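The values are calculated or read from the model by the stated rules, or taken from the named source; none is laboratory data. Just so it is clear, the model here is predicted, and its values are computed rather than measured. Using ideal geometry, Cβ is built from the backbone for each residue, glycine included, and neighbour counts are taken over all protein chains shown.
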């Protein structure tokens, strides 16, 4: 029996035609899939928010190092009365200490060297170090009962930025752009700004990284100076037309690779190339303060005229917010005051006090505070006892995860309120404890996202920013 069936020329052409047509159709569908994947990266995975959002954007003011709540927000006159006396065991309750103060023979209580006063109709207590913050006290909601499990900087700041103390998880800004996408196709959805000349401990790019999410969702750092985004501008001898042709050919090669392997990171890479091309025009425009009025610059203070300062970054944050950048994060390091706290914290407050007031006031004057959420705070607080030598005018404070303070403003947050409290020693939470995951859940809620429903499957399990906990702080929201 002849196993090779005879095939006529007509049969061969018909079958080949169908086969070639199938190949062509598959190629077109794969290219459509590639385009759809890129579109999804811009739009976000949610077709629409889970519910009506109050905020369009978030400005996160990260006070890296752990500001002393006891010298800024959490007024504890008992510490001044008991200045120099030993921290009672009944208050400490066996809490572990860092290696920096855990071997001290004594843990003397340290009252604040600064005076406190009440501000606004709300009567919020604030240190004399924050006079401008006092002027806007009725716009702010103070969360005085935050706590964290982490007593050292690396796990604590990683936790507050990514919802987990180990590196490798997506940052909050990455989660937001993954869910909601970008509202401005010419600027990144997530921008990071770092104050110059204030870094006294490492800040790692993974704090604004994408983790296991597509790389297009990582934060983009803008620097001060003539080259805000490294390697953005064309090299010498390369014209815009030449760059455009190169990107077109590169997109074709990447599309071919996507057809072969279907890796979504390929489309993310193409989307980043295209974003970089558009940013060659959009970044210089947003960085140019020449059109800002003298009155606006005055709001933020003299330092707003110096690129890279916290004040200049606050003004830049407002400009980015105007252009609908989804998540804008300002890092201001320098708050790790283990010694010489009174002199060091004065410098820090001089950096951020007037500028923060300028940002909130500027947003409000422009009608943007209603749909912009502003969050201020560090990764933990400071101890009520002195690390090292103690005098009436000098002391240091160690890391303290048991309680610390943050504030929020805008986007339907109840201004002029204080939520939670600590004991008379400022050592333990007394009422309404707030977990870091609660803050993260609340930020997502303001943007219309149910924190339990924004997930990403990775290595066989679903992950989310708030891991397996977190509740929205309904009590502080309108």
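Summary table below
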{"item": "Some residue of segment 92-104 being in contact with a strand residue (DSSP E or B) (Cβ under 6 Å, 6 or more places away or on another chain) and buried (at least 18 other Cβ atoms within 10 Å of the Cβ)", "result": "no"}
{"item": "Any hit, segment 14-28, residues being surrounded by 11 or more Cβ atoms within 10 Å (Cβ to Cβ) and modelled with pLDDT of 50 or more", "result": "yes"}
{"item": "Positions within segment 358-388 being without any contact (Cβ under 8 Å) to a residue 24 or more places away in the chain and over 23 Å from the mean Cα position of the chain (by Cα), in sequence order", "result": "365"}
{"item": "Of the criteria (1) surrounded by 15 or more Cβ atoms within 10 Å (Cβ to Cβ); (2) more than 30 Å from residue 462 (Cβ to Cβ), which one residue 237 fails", "result": "(1)"}
{"item": "Answer residue from segment 438-465, given it is in contact with a strand residue (DSSP E or B) (Cβ under 9 Å, 6 or more places away or on another chain) and assigned to a loop (DSSP other than H, G, I, E, B) and is surrounded by the fewest Cβ atoms within 10 Å (Cβ to Cβ) among those", "result": "455"}
{"item": "Of all residues in segment 154-167 being surrounded by fewer than 24 Cβ atoms within 10 Å (Cβ to Cβ) and within 16 Å of the chain's Cα centre (by Cα), the one that is farthest from residue 427 (Cα to Cα)", "result": "167"}
{"item": "Helices (runs of 4 or more DSSP H) enclosed by segment 75-136 - at least 2 residues per element that are in contact with a helix residue (DSSP H, G or I) (Cβ under 8 Å, 6 or more places away or on another chain)", "result": "131-135"}
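Per-residue answers, yes or no, for (1) in a helix (DSSP H, G or I); (2) closer than 23 Å to residue 48 by Cβ:
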residue	(1), (2)
196	no, no
200	no, no
211	no, no
216	yes, yes
224	no, no
246	yes, no
254	yes, no
258	yes, no
271	yes, yes
